[in-house]
Structures are given as structure tokens and as C-alpha cells.
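S.K.: My questions will all concern the structure given below.
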Amino acid sequence: MRSLWAAVMLTGIYSFLGASWMLILDAPDVAFTEAAVGAGLSTVLMLSTLALTGTTMKKQATSTLLPLVVVSLTGLALIYGTADMPYFGDPTAPAHQHLMPEFMADTVPSIHEAAGHHAETGVGVDNVVTAVLASYRGYDTLGETVVILTAGIGVLLILGGEKRFSSFFADLSLRDVPSMRHRAILRVATKLLIPYILLFALYVQFHGDYGPGGGFQAGVIFAAALILYGLVFGLRATLKVAPPSVVETLVALGVLLYAGTGVATMLLGGNFLDYSVLEHPLLPGVLPHGQHLGILLVELGVGITVAAVMITIFFAFVGREHPR
Amino acid sequence: MNTVLGLYNYWIVIFLMMTGFYVVIAQGNLVKKVIGLNIFQISVFLLYITIGKVRGGTAPILPEDVTYSPDGLPIPPQGFDGWSNPLPSVLILTAIVVGVATTAVALALIVRIGEAYGTIEEDEILALDLEE
């Protein structure tokens, strides 16, 4: 296929189909994220790259025979390797024998048997995925959040040039990127959709302990709503809604909130990111306590950083001057 | 026949994976290579998620009135035999977001390469490098 534009759109559709399959496979958290990221964010980023580098590719001069042979051989080797794999959906597969039973058994009891023996180990949120993500594997998730922060800084360094970030953003507001504001159907449909997307993002963020959701999902959905706004109403309008100085601060604030929760648990006498020590006397039964409070805080940190980094990356790509 | 029905998920994943791999090594256009990496990446996500699925299981989100069997495991809601594995979901959830962040870095590099060389075709870039 020579048209890169079509290739990018097909990739978006492929991601969306992948997300649908994940939903069927009992992974709603992952499906949310993949739908927002694959069909939304990465498609927009690729399209903005195409706007800067051209939408058609030249005809291949080299032969495709060698890559085809390499790919077929690798594929056959991999298929040979699957002969030893457990069957699809097999409940006795090794992956389901270790750790998973412990996670399933210990995640909720701290709420339901607060005085019982599980209180020390339990996490107390209903969504096991959230519990594992934010509590059992809290260090790992902190690392992932830092990776996202680093990627955001990297994109700014690569595309922002030698200018300071603040002046790069200041120049942005002077640029007039063509908007689709004059398309009545797009404008009205977007205005109708955006409040619901934002509301859904907040729901996913704060309900992630009880249902599918959490910081990563909410962050990308929130960013997708703002980017949709940017696509239709232009860069200048988006800069008013999300001022770069605020976004810039939020990028770091999220990671600070996550790591700060860890430091707070250490000051309270626990281990780093051990939320059990986060007990407080305020409003029992209304405000979350202990593990639950810790999970809410770090998920909020993740959500803030993810949303801010995605918006920053969008600004960096859209704000780049067209070379020709 | 049993083997085919039991392992078909891996074979779909391998087919998608090899499609992405082919795009990466056979296409000279840098944006196409990133698209290939994306296809490859999603196939890896699907590999993990299919491994996490348990037949007759449901998503690992415990209902509020969940009850426990004597060995301490939560009893799945009516109509389900078990829970699907939460661990692959956790791993892939973070991987997706990190994936889009790294894709953005790759695309940013492509934009700069395009500006410096005036092309994003691999062979033209190599030829320009040899001229110097």
C-alpha cells in the first residue's frame, strides 16, 4: 500500500478490533486503554507526523523475497514452539496456579473481614487488576509512570529544539493551525461528545477500585477528549482550555504525587508504598482508609501524568512548523 | 483437531506478529516501520491477554457481596466457573501506555530525520549519508 494515510487509518481499525477481542477475553481495563490509545492517540500522532513528512511513500525498489522467507521461517519456528503451550482457556495452565489464587483470595477481605486475619495482607478494592497494579506491583507501576514522564520530556527535547520549553509553548499560541471549526456537523458532534468523554474519564479514574478503570485508562481517555477538541477547534482554542504552563506542571505533579505517597508511607513508619499505614481518624466509612486511600492517590498520580504527557506530546507535534 | 482448537489463539497471534515483523524489515519508509512495530506490539498484547483467559471465567472484578469458598478463594458469580487471570491485564495495561509514549518518541525522531534529510525513506537516507 503506497498511501501512508490509509495505512495509518487501517492500523487504527486494527487496534480497535484488538481492543474488542480483549474485551471478550475478560480484560475490560486493557480494552478501554487500547481503544483510547490505539484508535485515538497513536493514530492522531501518526497523522500529525504524516502532515510534517508527507503522505505517500515511494515504490519499493528492493526485492521482498528475503524478508518473506525470514518471516515465514520465524513464524514456523514459533508455531512449532506453541506445541508445548497450555491450551487456550485451560484453567489448569501454569499461569493460573501461582500468585493468581493469592491475589484473588487476599484482595478484598480487608474490607469484609476488617478485624480478621486478612486485614494485614488484603488490599480492599473490588477490582483485582487495580489492586495488583497499584498495590502489589506498586514499584513497577511507579517505574512505568516515570518511563511515560521521560518519553514526554524526550519528545519535547527532540521537537522543541534548543528553545526552553516555556518559550516553545509561547510560540505555539502565535501559530495558527488550520481548524475544522467551519464544519458544522463535526463541530456540533464534538461539542456533544466531549463532556461525556470527560465525565467518563473521571468516572473511570475514581471508580477504578470497584469497576474496570484506573489512572492509565482515565489519563488516555481524558487526553483523547482534549485532543479531539484540538483537532476540531484548532490549537489556539485548546491552548486556552489547557494552558501549557498548567500541563507542564501536571506532567511532573503526577509522578510527584505517586512518589510522595511512597515517601509519606515511609514517614509514617511503613515501607515505601506500603499503604497500610495511611490510617486517619477523619470520617470513618466515608473517606477511604489505608490501602484504599493509597491506591486512590497513586492512581490519581498516574492519571494526571498520563493525561498531561499525552497532551504535551500532542502540542509538540501540532506545534511543529511545516518545513516546506 | 484438539490441538488446532486448543492452540489457535497462539497461531493468530503469531500470524499478526509476523505481519508486523514483515512490515518492519521489508518496508523502507520509516513511518511504515513504526506502523509495523505497532502491529507487532498489539499482537504481543493479545498473546498475554489470551494466556490470561480462563474458560468459563469472568473478569477479575469481585462483586460487593462476594462470598468465599472454604479454601479462601472468592466464588464467581452465577453462570461462571472461575475468574480470568488479573496479572496479564496489569502488565499489558501499563505496556500499552508506555507503548504509545515510546511510539511518540519514535515519530518525533522521524519528524527530525525528515527535516534534516528531506526524506524518510531508509535507502535515500543511507545514500545521503554515504555521499558525505
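S.K.: For the condition under 30 Å from B:T94 (Cβ atoms) and either surrounded by fewer than 17 Cβ atoms within 10 Å (Cβ to Cβ) or more than 8 Å from chain B (Cβ to nearest Cβ) (or both), what is the one hit in A:T43, A:T49, A:T55? Talk me through it step by step, then tell me what you get.
M.R.: On the way: A:T49 fails: either surrounded by fewer than 17 Cβ atoms within 10 Å (Cβ to Cβ) or more than 8 Å from chain B (Cβ to nearest Cβ) (or both); A:T55 fails: under 30 Å from B:T94 (Cβ atoms).
That would be A:T43, the only listed residue that is under 30 Å from B:T94 (Cβ atoms) and either surrounded by fewer than 17 Cβ atoms within 10 Å (Cβ to Cβ) or more than 8 Å from chain B (Cβ to nearest Cβ) (or both).
S.K.: Within segment A:44-88, track down each residue that is farther than 30 Å from A:E321 by Cβ, small (G, A, S) and either touching a Phe, Trp or Tyr at 6+ places or on another chain (Cβ under 8 Å) or assigned to a loop (DSSP other than H, G, I, E, B) (or both). Lay out the reasoning, then the answer.
M.R.: Of the residues in segment A:44-88, the ones farther than 30 Å from A:E321 by Cβ are A:60-88.
From what is left, the residues that are small (G, A, S) are A:61, A:63, A:72, A:75, A:77, A:81, A:83.
Across segment A:44-88, the qualifying residues are A:A61, A:S63, A:G75.
S.K.: Kindly establish whether B:A116 is among the hydrophobic types (A, V, I, L, M, F, W, C) and facing chain A (nearest Cβ under 8 Å).
M.R.: On the way: among the hydrophobic types (A, V, I, L, M, F, W, C): yes; facing chain A (nearest Cβ under 8 Å): no.
Considered against the rule, which asks whether it is among the hydrophobic types (A, V, I, L, M, F, W, C) and facing chain A (nearest Cβ under 8 Å), B:A116 comes out as no.
S.K.: In addition: What number of residues within segment B:106-116 are modelled with pLDDT of 90 or more and over 30 Å from the mean Cα position of the chain (by Cα)?
M.R.: 0
S.K.: Hey, among A:L198, A:L231, which residue is surrounded by 18 or more Cβ atoms within 10 Å (Cβ to Cβ) and away from chain B (no Cβ under 14 Å)? Even if it seems obvious, please write down each step before you answer.
M.R.: Values: A:L198 fails: surrounded by 18 or more Cβ atoms within 10 Å (Cβ to Cβ).
Of the residues listed, the single one that is surrounded by 18 or more Cβ atoms within 10 Å (Cβ to Cβ) and away from chain B (no Cβ under 14 Å) is A:L231.
S.K.: Return the only residue of A:V71, A:V37, A:V44 being out of contact with any Ser or Thr (no Cβ under 7 Å at 6 or more places or on another chain), within 30 Å of B:A127 (Cα to Cα) and hydrophobic (A, V, I, L, M, F, W, C).
M.R.: Exactly one residue qualifies, and that residue is A:V71.
S.K.: When only residues in segment A:1-18 that are more than 9 Å from chain B (Cβ to nearest Cβ) and either of a type in the set (D, E, K, R) or in a helix (DSSP H, G or I) (or both) count, which is surrounded by the most Cβ atoms within 10 Å (Cβ to Cβ)?
M.R.: Taking the candidates together, the pick is A:G12.
S.K.: Only residues that are within 25 Å of A:M104 (Cα to Cα) and touching a Leu at 6+ places or on another chain (Cβ under 6 Å): list them for segment B:81-117, please.
M.R.: B:V90
S.K.: Separate question: Of these, B:V31, B:V13, which one is assigned to a helix (DSSP H, G or I) and more than 8 Å from every other protein chain (Cβ to nearest Cβ)? First the steps, then the outcome.
M.R.: Working: B:V31 fails: more than 8 Å from every other protein chain (Cβ to nearest Cβ).
Being assigned to a helix (DSSP H, G or I) and more than 8 Å from every other protein chain (Cβ to nearest Cβ) holds for just one of B:V31, B:V13, which is B:V13.
S.K.: If you don't mind, another one. Out of (1) touching a residue at least 40 places away in the same chain (Cβ under 8 Å); (2) away from every other protein chain (no Cβ under 13 Å); (3) not hydroxyl-bearing (S, T, Y), what's the single condition that is false for A:L293?
M.R.: (1)
S.K.: Tally the residues that are within 7 Å of another protein chain (Cβ to nearest Cβ) and without any contact (Cβ under 8 Å) to a residue 12 or more places away in the chain, restricting the search to segment B:60-98.
M.R.: Final tally of qualifying residues: 10.
S.K.: Within segment B:66-93, restricting attention to residues that are assigned to a loop (DSSP other than H, G, I, E, B) and of a type in the set (A, V, I, L, M, F, W, C), which residue is nearest to A:P101 (Cα to Cα)? I'd like the intermediate steps shown before the answer.
M.R.: Just the residues of segment B:66-93 that are assigned to a loop (DSSP other than H, G, I, E, B), to begin with: B:66-67, B:69-73, B:75-81, B:84-85.
Then drop every residue that is not of a type in the set (A, V, I, L, M, F, W, C), which leaves B:66, B:73, B:75, B:80.
Numbers: B:V66: 15, B:L73: 7, B:I75: 12, B:F80: 16 Å.
Ranking the qualifying residues of segment B:66-93, first place goes to B:L73.
S.K.: Evaluate segment B:87-108: report whether one residue or more is over 30 Å from A:L17 (Cβ atoms) and either out of contact with any strand residue (DSSP E or B) (no Cβ under 8 Å at 6 or more places or on another chain) or surrounded by fewer than 22 Cβ atoms within 10 Å (Cβ to Cβ) (or both).
M.R.: We begin by selecting, within segment B:87-108, every residue over 30 Å from A:L17 (Cβ atoms); these are none.
So far as segment B:87-108 goes, no, none of its residues is over 30 Å from A:L17 (Cβ atoms) and either out of contact with any strand residue (DSSP E or B) (no Cβ under 8 Å at 6 or more places or on another chain) or surrounded by fewer than 22 Cβ atoms within 10 Å (Cβ to Cβ) (or both).
S.K.: Here's a follow-up. Return the residues of segment A:232-253 that are assigned to a helix (DSSP H, G or I) and touching a Phe, Trp or Tyr at 6+ places or on another chain (Cβ under 9 Å); say none if nothing qualifies.
M.R.: If we filter segment A:232-253 for residues that are assigned to a helix (DSSP H, G or I), which is where we start, we get A:232-233, A:235-241, A:244-253.
If the condition is that a residue be assigned to a helix (DSSP H, G or I) and touching a Phe, Trp or Tyr at 6+ places or on another chain (Cβ under 9 Å), then A:L235, A:A237, A:T238, A:L239, A:V241, A:P244, A:S245, A:V247, A:E248 are the ones that fit.
The values are calculated or read from the model by the stated rules, or taken from the named source; none is laboratory data. As the structure is a computational prediction, the values presented were derived from the model and not from experiment. Note: ideal-geometry Cβ built from the backbone for every residue, glycine included; neighbour counts use all protein chains shown.
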